[in-house]
Amino acid sequence: MRYFTLAAATAVVGFAGYAVYFDYKRRNDTEFRKSLKKAAVKQTKVEKAAAEKSAQDLQLALKAAVLEANIEVEAFKRSVTGAEQGEAYFMQNVGNGEVLASMGPDSELKAATAFFKALKVYPSPVELLMIYERTVPPHIFQLVMQMTSQEVANAQSQKPAEQPKEQEPESKKAAVEEQATEDKSAEDQQKPSTSAPSGTPASAPSDTSSHEWENINGNESNKQS
């Protein structure tokens with residue numbers, strides 16, 4: 001008993017001494033501080049790379065799980081002959097999901113896949129998602145939501161791309177514009193002139209000004225005589 005007590009006391013004293021030494025070096029040694037900073041930066045990069053790789057691996061696993069689940073569900077829908085079979089398939093997958101969810105982190109994706117397959121055959125998927133949100137463990141529910149998003153992305157990627165509209169060549173555009181200009185010029189030349197000749201009114205005088213018009217003509221005749 002004394003041996004273990006002495007060993008524990010020695011370890012505590014050694015750890016305390018190292019802590020004091022570490023704190024002293026950190027406060028007074030510039031190179032030591034730089035090395036600590038470099039080590040922290042390196043560790044941050046390693047953790048970031050590991051997180052990115054984990055996220056990529058998860059996306060690949062989700063994509064594969066969605067494809068596999070869709071194949072199974074579509075095959076079941078083609079073979080089903082009654083509502084009872086659909087209900088039994090739904091209950092089976094919900095039960096499998098609950099069991100797998102209780103088996104730890106290694107079974108989380110399998111549990112989410114089971115819940116996803118049950119979602120695929122449920123008549124009201126939005127309603128079932130609301131039930132999942134209240135009853136399924138949060139991290140597994142998030143996996144189910146990511147699987148639904150992945151399914152939408154897969155469907156969009158399978159749509160045929162829209163063909164871009166063929167742009168009209170610039171030379172053809174110029175020829176069309178030139179032809180339109182020539183047609184407009186020819187049309188303008190064929191129109192009768194609407195302007196009155198010099199020295200004559202553009203239009204006949206109205207009834208209200210006919211007397212004035214006669215007086216002007218009479219005055220002009222007297223001037224000439």
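The values are calculated or read from the model by the stated rules, or taken from the named source; none is laboratory data. Note that the structure is a prediction, hence the values are computed from the model and not measured. What goes into the accessible areas is simple: the full protein's heavy atoms, side chains included, and nothing from ligands, DNA or RNA. Shrake-Rupley method; radii C 1.70, N 1.55, O 1.52, S 1.80 Å.
For the reader, a short list of remarks on this structure follows.
- Karplus-derived 3J(HN,Hα), 6.51/-1.76/1.60, for each residue of the range 78-85, Hz, glycine and proline x: 6, 9, 5, 10, x, 5, 4, 5
- Ranked order, I71, I131, I140 - accessible area, probe 1.4 Å, largest first: I71, I131, I140
- Carbon + sulfur, % of accessible area of the range 38-166 - ligands and nucleic acids excluded, 1.4 Å: 58 percent
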